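The block underneath contains the structure these notes are about, expressed in structure tokens.
The values are calculated or read from the model by the stated rules, or taken from the named source; none is laboratory data. Since this is a predicted model, take the numbers as computed values, not measurements. Don't worry about glycine lacking a Cβ; one is built from the backbone with ideal geometry, like all the others, and counts go over all protein chains shown.
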């Protein structure tokens with residue numbers, strides 16, 4: 001199954017010049033969604049890790065299913081002011097703006113090896129912020145997994161140059 005066939009491309013969203021890669025067409029197809037989860041699980045069998053973290057909100061879709069299948073704790077990396085307890089917070093740049101990511105301080109224990117899952121990587125700003133927040137909690141990023149890599153925007157390359165391991169299922173140009 002070619003997962004690329006299930007990704008819808010929407011020009012000029014969320015602003016002019018952005019070609020948005022929409023995963024809703026993938027997740028609404030039960031076979032494509034199942035295949036995506038199975039591919040992620042297969043990748044993760046090659047890594048040792050303690051917890052799975054996901055970036056709000058589309059990363060939650062994939063990571064929760066993977067967490068359930070692998071019986072690993074699931075950690076939420078949320079947008080600003082969405083978590084009620086004590087939290088770590090990191091500001092970062094997006095391809096089309098700025099944002100903040102947060103995580104409960106009790107989510108990660110010292111030395112935890114964490115897999116970070118998200119639907120897509122573009123410039124890598126969100127992924128770098130996720131890594132920073134894991135490090136703030138004295139955890140280690142064992143691996144990043146992305147369903148889609150927008151290869152010409154350099155996010156995966158940036159993570160690899162910083163010493164992180166990165167896997168992705170499919171690739172598209174960013175524009």
Next item on the list: Go through the range 1-36 residue by residue and tally those that are in a loop (DSSP other than H, G, I, E, B), free of Cβ contacts under 8 Å to residues at least 40 places away in the same chain and closer than 15 Å to residue 58 by Cβ.
Entry: 2
Check: Going through the range 123-149 one residue at a time, which ones are buried (at least 23 other Cβ atoms within 10 Å of the Cβ), at pLDDT below 95 and either out of contact with any strand residue (DSSP E or B) (no Cβ under 7 Å at 6 or more places or on another chain) or more than 23 Å from residue 112 (Cβ to Cβ) (or both)?
Finding: 124
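Is one or more of the residues making up the range 63-71 free of Cβ contacts under 8 Å to residues at least 60 places away in the same chain, in contact with a helix residue (DSSP H, G or I) (Cβ under 7 Å, 6 or more places away or on another chain), surrounded by fewer than 18 Cβ atoms within 10 Å (Cβ to Cβ) and part of a helix (DSSP H, G or I)? Can you show your working first?
Residues of the range 63-71 that are free of Cβ contacts under 8 Å to residues at least 60 places away in the same chain, as a first pass: 63-71.
Next, only the ones that are in contact with a helix residue (DSSP H, G or I) (Cβ under 7 Å, 6 or more places away or on another chain) stay: 65-66, 69-70.
Adding the requirement that they be surrounded by fewer than 18 Cβ atoms within 10 Å (Cβ to Cβ) leaves 69-70.
Those still in the list that are part of a helix (DSSP H, G or I) too: 69-70.
Scanning the range 63-71 turns up at least one residue that is free of Cβ contacts under 8 Å to residues at least 60 places away in the same chain, in contact with a helix residue (DSSP H, G or I) (Cβ under 7 Å, 6 or more places away or on another chain), surrounded by fewer than 18 Cβ atoms within 10 Å (Cβ to Cβ) and part of a helix (DSSP H, G or I).
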Margin query: Just to check your reading of the model, which residue among 86, 112, 106, 118 is more than 15 Å from the chain's Cα centre (by Cα) and buried (at least 18 other Cβ atoms within 10 Å of the Cβ)?
Written below: 112
Next item on the list: Report whether or not residue 75 is part of a strand (DSSP E or B), within 16 Å of the chain's Cα centre (by Cα) and crowded, with 19+ Cβ neighbours inside 10 Å.
Entry: yes
Note to self: Exactly one condition in (1) in contact with a helix residue (DSSP H, G or I) (Cβ under 9 Å, 6 or more places away or on another chain); (2) farther than 15 Å from residue 78 by Cα; (3) not in a loop (DSSP other than H, G, I, E, B) is false for residue 123; which is it?
What the structure shows: (3)
Note to self: Going through 109, 149 one at a time, which residue ends up being free of Cβ contacts under 8 Å to residues at least 60 places away in the same chain and in a strand (DSSP E or B)?
What the structure shows: 149
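Tell me which residues, restricted to the range 152-175, are part of a loop (DSSP other than H, G, I, E, B) and without any contact (Cβ under 8 Å) to a residue 12 or more places away in the chain.
Initial filter on the range 152-175 (part of a loop (DSSP other than H, G, I, E, B)): 154, 162-165, 173-175.
163, the sole residue that qualifies.
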